[in-house]
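As structure tokens, the structure follows; a few thoughts come after it.
Read the figures in this text as sums done on the coordinates, not as results from a lab. Not measured: the values here are computed from a predicted model. Methodologically, a virtual Cβ is constructed for each residue, glycine included, from the backbone with ideal geometry; neighbour enumeration extends over all protein chains shown.
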Amino acid sequence: SSYHSPFVAYELISTANALVNPRGKGIYATDETPEAIEAAFRGAAEIAEEDEHWGEEDHKDRRRRWREDAYNSLSNEYISGVILFAETLLDFKLAPILLDKGIIPGVRANGELRPIPISPFEFNVQGLDDLLPKLQAARIAGARFSKWRAPIACTSAAQGLPTQAALEAQAETLAQYAAISQEAGLVPIIEPDVEFSADADLARSAEVHERAISLIYARCRVHGVLLEGSLLKPSFPQPGLKHPSRANVIPGEIARATATVLSRSVPYAVPGVVFLSGGLAPAVATSYVAAVNALVNSASETSPFSRLPPLSFSFGRALQGDAMKHWVKGDNKAMEEAFQKWSKSCSLAAKGEIA
Ligand code: 13P
């Protein structure tokens, strides 16, 4: 891949490996939009709306204080990297808190969603046009990796989503994003987020994951992405909320489907996989990471599972949910304990030890 100088390639590969090694280190995703983090504060405080005296500056100050307190609670024993929203990186300038702790800052690269004309319930992601200068500015502010989330609809085969048009559009966009991110000197984290709100069963979800991830890597090849300097951030294959089998999901079955999908679709060159939590309860998301690592650890040498790269976490809600409930009440000690508890639990899970 000709556009990487040997120095840049070396740095990309080192950073990608540092995000998933030694085993048990993972990522904390804090790249919600300001609107989404404000909604999370209200949810944690169990209120519908803020006091009418709150102005935009008060909200902004609260976002800054939350991020700062959260980052100060992290330990690099469990957390290798944190994904920041542009406001946190460029306005609040909080990357140095992380760097001082030996934690690598990253930045959210994807923009907003737009419906695909031929299939209005599916989306493509905006943000490629001005991506290079944005990521170059993020690098100057301390970022060393980036992430791009692509939501992928998933229904039963009868309902027919995702369409081939949507899968191809997302794969092409993700590959272009990854190439531009590497051009800016940032490790791309490629995030196909297969949704589980509909009526797919586990086999259908696994099939959609396999097709989506395979297409992404086919396009990465066309765009010359240096796979050794990239990571994959997938969802877990799982039955949809509207499928009857959702009522008793067994982590061991999720683990087998996940390892099967990854062994079929992720090239060897990719140094790690970091799962998103996707709104699953923290204990559930963590149990899936634990189950897939337990399966890999017990795989025989001849099993393709034994050749998978480190399988870790890149959780947002599952890591911070409990901590935020304490923080909105002003209990910073309990907040720090909640961060320690869940990041340690995720770390053990990523090593295949009991969560
Ligand atoms: P969740 O773990 O809350 O899904 O967040 C991860 C993420 O980055 C989603 O884009």
I'd like to know which of ALA109, LEU132, THR88 lies farthest towards the positive end of the charge dipole of the range 68-134, counting +1 on Cβ of Lys and Arg and -1 on Cβ of Asp and Glu. LEU132
Among LEU227, LEU241, LEU167, which residue has its Cα furthest toward the positive end of the charge dipole of the range 162-312, with +1 on Lys/Arg Cβ and -1 on Asp/Glu Cβ? LEU241
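Only four residue types carry charge here, +1 at the Cβ of Lys and Arg and -1 at the Cβ of Asp and Glu. Report the dipole size of the chain about the Cα centre in Debye, rounded to the nearest 20. Display every interim value, and only then the final one.
Numbers: 35 positive and 42 negative charges, 232 e Å.
With Lys and Arg at +1 and Asp and Glu at -1, about 1120 debye.
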Percent of alpha-carbon pairs separated by more than 21 Å within the range 181-252: 38 percent
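Under the √(5λ) rule applied to the eigenvalues of the Cα gyration tensor, what semi-axes describe the equivalent ellipsoid of the range 59-161? Give them in Å, descending.
Details: eigenvalues 201, 55, 35 Å².
Listed largest to smallest, the semi-axes of the range 59-161 are 32, 17, 13 Å.
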For the peptides 241-249, 104-112, what is the packing order when you average, over each peptide's residues, the other Cβ atoms within 10 Å and list the highest mean first? 104-112, 241-249
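Given only helices, namely DSSP H runs of n ≥ 4 each adding -39500 (n - 2.57), what is the per-residue ellipticity at 222 nm of the chain, to the nearest 500 deg cm²/dmol?
Working: 11 runs with 163 residues, N = 355.
Per the formula, -15000 deg cm²/dmol.
Where does each of SER345, SER298 land when they are ranked from fewest to most other beta-carbon atoms within 10 angstrom? Can you show the working numbers first?
Numbers: SER345 23, SER298 11.
Ascending Cβ contact count within 10 Å gives the list SER298, SER345.
With a 10 Å Cβ neighbour count serving as the proxy for reagent exposure, in which order, fewest first, do LYS329, LYS25 appear? Present the calculation step by step, with values, prior to reporting the outcome.
On the way: LYS329 12, LYS25 26.
The fewest-first ordering by Cβ neighbours comes to LYS329, LYS25.
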Quick one: what does P(r) look like for the chain with 20 Å bins over all Cα pairs, in whole %? 31, 61, 8, 0
The range 201-265-the range 49-68 distance, computed between alpha-carbon centres (Å): 38 Å
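Please give the peptides 93-99, 192-198, 227-233, 331-337 ranked by average Cβ packing (other Cβ atoms within 10 Å per residue), highest first, as a rough proxy for protection.
Working: 93-99: 17.9, 192-198: 20.0, 227-233: 24.3, 331-337: 15.6.
The densest-packed peptide leads the list: 227-233, 192-198, 93-99, 331-337.
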Footprinting exposure proxy for CYS346, CYS154 (fewest neighbouring C-beta atoms within 10 Å first): CYS154, CYS346
About its Cα centre, the range 57-173 carries a charge dipole, from +1 on Lys and Arg Cβ atoms and -1 on Asp and Glu Cβ atoms, whose size in debye to the nearest 20 is 260 debye
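Would you work out the charge dipole size for the range 111-213 about its Cα centre, treating the Cβ of every Lys and Arg as +1 and the Cβ of every Asp and Glu as -1, and quote it to the nearest 20 debye?
Using Cβ point charges on Lys, Arg, Asp and Glu, the range 111-213 gives about 400 debye.
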Can you find, among ILE47, TYR217, GLY279, the residue sitting farthest towards the positive end of the charge dipole of the chain, where Lys and Arg contribute +1 and Asp and Glu -1 at Cβ? TYR217
